[in-house]
Amino acid sequence: MKLNFQVEGGNFAKAGVASSEVKKVLKKLGVPPMVIRRIVVALYEAEVNIVAHAQQGIISVDVRHDKVEIELRDKGPGIGDISQAMQEGFSTASEEVRAMGFGAGMGLPNIKKNADELNIESKVGEGTTVHITNYFAKP
Amino acid sequence: MNQSNQLELHHAIKIAPDKCRACTHCLQVCPTEAIRIRNGKATIIPGRCVDCGECHRACPYHAFYVEQDDLSRIFDYKYRVALFPAVFVSQFPENISEEQIYSVLKQIGFTHTCEVEQPISVLIDSIKDFAQNEYDSESPIISSFCPATVRLIQVKYPALTDHLVLRNAPHDLAAWYVRQRLAEEGIDPSDAGIFYITPCAAKIAAVKSPVGEKKSIVDGIINMSEIYNQVMAKATGVTGNFHSCDCRNEISREGILWSLPEGEKAAFEGKSLSVDGMHNVIRILERLEDGDLPDIDFLELRACEEGCAGGIMMTGNRFLTADRQHSRAKNFPKAQSSVGMEDLAEKLRIAPVQPRPMVHLDTDMEKAFAKMEKARSIMCHLPGIDCGACGAPSCLALAEDMVRHEARMTDCIYIQQLWQKEGKISAEKAFRNLEKRWGENRFDMDCSKRGAKNDNGFGLMNEGEDADLY
């Protein structure tokens, strides 16, 4: 089952729409609550990242019988050094974004913590694609 | 039906079918989509209902009621204790004194009176002890004071049950406390009945089937609006005095404010957030699930706006009640130390609260998957108007009912209309379908409905009453 969402960069009022919809679907499927929680936290963080940093993005969620595969593709500044960005506390968010309670530099580490599999590809000046896969049962 | 395993759960909210006109107001406000119209009457899906009372509030026909024990049952006991929360006192007009309110309770037949929120320091210290020494998951801890929000979390936010404070509510504390007091007076426990007067359906449901403990300590429940009427009728005639059987020694400022917004929050250091009103509670729980709340140590939730001052069986206005409660609190000292009451603290512990997720389409995930795909296809056909004329709260809810085999395509009046135009169904058949959902003769002319010529206000006229008198 495929769910697609467009994300508007800079519009924090709409941040969380995708994670909220995905959460509803997973609850209805009867996916274990703690599994849903990890997926939603990872997806929400990644969604906010697009809003905070990119001009626009597309989120494609593929819900399978045993797992969820999420792709978040954005047009944006890209990430220069992914391993640096994965460190807790590292942030390039503007003062404005931080004042709104975002951009504390916990985003990517938090995604990593909650994703079973995480893959990030990025080109500076073009954009970033994040793949998150979470399984419903522990393999 | 995957909801059947929850049938043993007790609910306090009931529907009087003779009053229900299936006007669909309740459908739209239910936070767990627990209501459907069947055969022209609202019905509640038991496993989904959290007893919050939003339907009770929304119903223009007063068709929802809250079950209670008969007041005469208090006379089954030699000693009769009225256990009531501070909001009960605060909702009366200023010209009725506390002494008069207490006196009327005794006139009704209670031998002892006890306000619920005492000795509150035992609860405060016990919750602090839980936070510091027992809780080892992610912050925040969530208050378990409001039983409607506890049930909401079990049903709709099952991953958050781990956050709940594993402590009883003040009414349990006060019930144990008053039992101790009675014992001190030399009263045999089997001679004493404790009756809890409450403004809250969820509290009643919680007392009848407590979450996280085996048995509740109170012997009966009395609907607060009934006692309110008694006090209003009798208070002006009594010259009230407090009496030695009034259990008032532990009334404190903190206790009086406990059930209002920020009542619990005030007792805790660290960052805490107080949220009242069902829709606000839902929004904050969604954010907590998303991991989108800043670090908060304590989350206080109240399903009713203005906390218990806005309880569904409160007669007084919630803002006036809260205001009087704040004024009243100033007359009482700060809560005394809980030292020496460790045995009471022990009574407050409850077992972990179990999640009981109710929103899934099937207990088998593969089947749920197939059902969801089918529901999504059905949604392509439904109009997306969410009018409730099918008896479900939304088009999506109807589609999900269909895949559970609890509803049919023709329940949608727009689909029926379309099918008639396309010649797929006769007008006769379409109308019969409507009557199946809404009841026979439901569409006959009826001048007694709300806003119609002979609208007599709330409720049905009793037989023999002459409508012309009005």
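The values are calculated or read from the model by the stated rules, or taken from the named source; none is laboratory data. Quick caveat: nothing in here was measured; it's all calculated off a predicted structure. Cβ sites come from the backbone with ideal geometry, for glycine too, and all protein chains shown count toward neighbours. Just the protein is used for accessible areas: all its heavy atoms, side chains included, with ligands, DNA and RNA removed. Shrake-Rupley method; radii C 1.70, N 1.55, O 1.52, S 1.80 Å.
Quick check on segment B:224-233. Is at least one of its residues away from chain A (no Cβ under 14 Å), within 22 Å of B:LYS330 (Cβ to Cβ), surrounded by fewer than 20 Cβ atoms within 10 Å (Cβ to Cβ) and touching a residue at least 24 places away in the same chain (Cβ under 8 Å)?
Keep residues of segment B:224-233 that are away from chain A (no Cβ under 14 Å), which gives B:224-233.
Checking the rest, the ones that are also within 22 Å of B:LYS330 (Cβ to Cβ) come to none.
The answer is no; no qualifying residue exists.
Looking at segment B:251-259, is at least one residue of a type in the set (Asp, Glu), surrounded by fewer than 17 Cβ atoms within 10 Å (Cβ to Cβ) and in the same structural domain as B:PRO333 (by TED's automatic domain parsing)?
Let us first name the residues in segment B:251-259 that are of a type in the set (Asp, Glu), namely B:254.
So of that shortlist, the ones also surrounded by fewer than 17 Cβ atoms within 10 Å (Cβ to Cβ) come out as none.
Scanning segment B:251-259 turns up no residue that is of a type in the set (Asp, Glu), surrounded by fewer than 17 Cβ atoms within 10 Å (Cβ to Cβ) and in the same structural domain as B:PRO333 (by TED's automatic domain parsing).
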Legend entry - Lone unmet requirement of (1) aliphatic (A, V, I, L, M); (2) crowded, with 19+ Cβ neighbours inside 10 Å; (3) within 21 Å of B:ASP172 (Cα to Cα); (4) more than 14 Å from chain A (Cβ to nearest Cβ) for B:VAL339: (2)
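Select the helices (runs of 4 or more DSSP H) contained entirely in segment A:1-99, then report the ones holding at least 3 residues which are modelled with pLDDT of 90 or more. Walk me through it before giving the result.
Working: elements: A:17-29, A:33-53, A:82-85, A:95-99.
Result: A:17-29, A:33-53.
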Inset, instruction - Residues being under 19 Å from B:CYS412 (Cβ atoms) and charged (D, E, K, R): count how many of those fall in segment B:11-46. - result: 3
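Quickly run through segment B:350-372 and pick out the residues that are under 18 Å from B:GLU406 (Cβ atoms) and either surrounded by fewer than 18 Cβ atoms within 10 Å (Cβ to Cβ) or at the interface with chain A (Cβ under 9 Å from one of its Cβ atoms) (or both). Don't jump to the end; show me each part of the working.
Step one: of segment B:350-372, the residues under 18 Å from B:GLU406 (Cβ atoms) are B:358-364, B:367-368, B:370-372.
B:VAL359, B:HIS360, B:LEU361, B:ASP362, B:THR363, B:ASP364, B:LYS367, B:ALA368, B:ALA370, B:LYS371, B:MET372, listed by residue number.
For residues that are within 29 Å of B:MET341 (Cα to Cα) and at pLDDT below 95, scanning just segment B:84-100, find the one that is least open to solvent (accessible area, probe 1.4 Å). So that I can check it myself, show each step before the final result.
Going through segment B:84-100, the residues within 29 Å of B:MET341 (Cα to Cα) turn out to be B:84-90, B:98-99.
Subsequent filtering for residues that are at pLDDT below 95 retains B:98-99.
Numbers: B:GLU98: 35, B:GLU99: 61 Å².
Ranking the candidates gives B:GLU98 first.
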Legend entry - Those residues of segment B:412-431 which are closer than 15 Å to B:ILE378 by Cα, assigned to a helix (DSSP H, G or I) and open to solvent by less than 20 Å² (accessible area, probe 1.4 Å), in sequence order: B:ILE415, B:GLN416
Legend entry - segment A:39-92: number of residues that are among the hydroxyl-bearing types (Ser, Thr, Tyr) and open to solvent by 60 Å² or more (accessible area, probe 1.4 Å): 2
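Quick one: which of B:ILE251, B:ILE256 is more than 14 Å from every other protein chain (Cβ to nearest Cβ), β-branched (Val, Ile, Thr), in contact (Cβ under 8 Å) with a residue 60 or more places away in the chain and part of a helix (DSSP H, G or I)? Steps first, please.
Details: B:ILE251 fails: part of a helix (DSSP H, G or I).
Among B:ILE251, B:ILE256, only B:ILE256 is more than 14 Å from every other protein chain (Cβ to nearest Cβ), β-branched (Val, Ile, Thr), in contact (Cβ under 8 Å) with a residue 60 or more places away in the chain and part of a helix (DSSP H, G or I).
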Legend entry - Pairs, first surrounded by fewer than 15 Cβ atoms within 10 Å (Cβ to Cβ) in segment A:8-31, second acidic (Asp, Glu) and modelled with pLDDT under 95, C-beta under 7 Å, six or more apart: A:LYS14/A:GLU8
Inset, instruction - Taking the residues in segment A:17-64 that are more than 11 Å from chain B (Cβ to nearest Cβ) and of a type in the set (S, T, N, Q) as candidates, determine which candidate is farthest from A:ALA85 (Cα to Cα). - result: A:SER60
Legend entry - Members of segment B:324-336 that are of a type outside the set (Lys, Arg) and open to solvent by 50 Å² or more (accessible area, probe 1.4 Å): B:HIS326, B:SER327, B:ASN331, B:PRO333, B:GLN336
Inset, instruction - Please verify whether segment B:59-74 includes one or more residues that are in a loop (DSSP other than H, G, I, E, B), in contact (Cβ under 8 Å) with a residue 60 or more places away in the chain and open to solvent by less than 10 Å² (accessible area, probe 1.4 Å). - result: no
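Does B:ALA309 qualify as being over 22 Å from B:TYR157 (Cβ atoms) and touching a Leu at 6+ places or on another chain (Cβ under 7 Å)?
Details: over 22 Å from B:TYR157 (Cβ atoms): yes; touching a Leu at 6+ places or on another chain (Cβ under 7 Å): yes.
Yes: the conditions hold for B:ALA309.
Considering segment B:22-58 alone, what residues qualify as being hydroxyl-bearing (Ser, Thr, Tyr) and touching a residue at least 60 places away in the same chain (Cβ under 8 Å)?
So the first thing to find is which residues in segment B:22-58 are hydroxyl-bearing (Ser, Thr, Tyr), and the list is B:24, B:32, B:43.
Passing the criteria: B:THR24, B:THR32.
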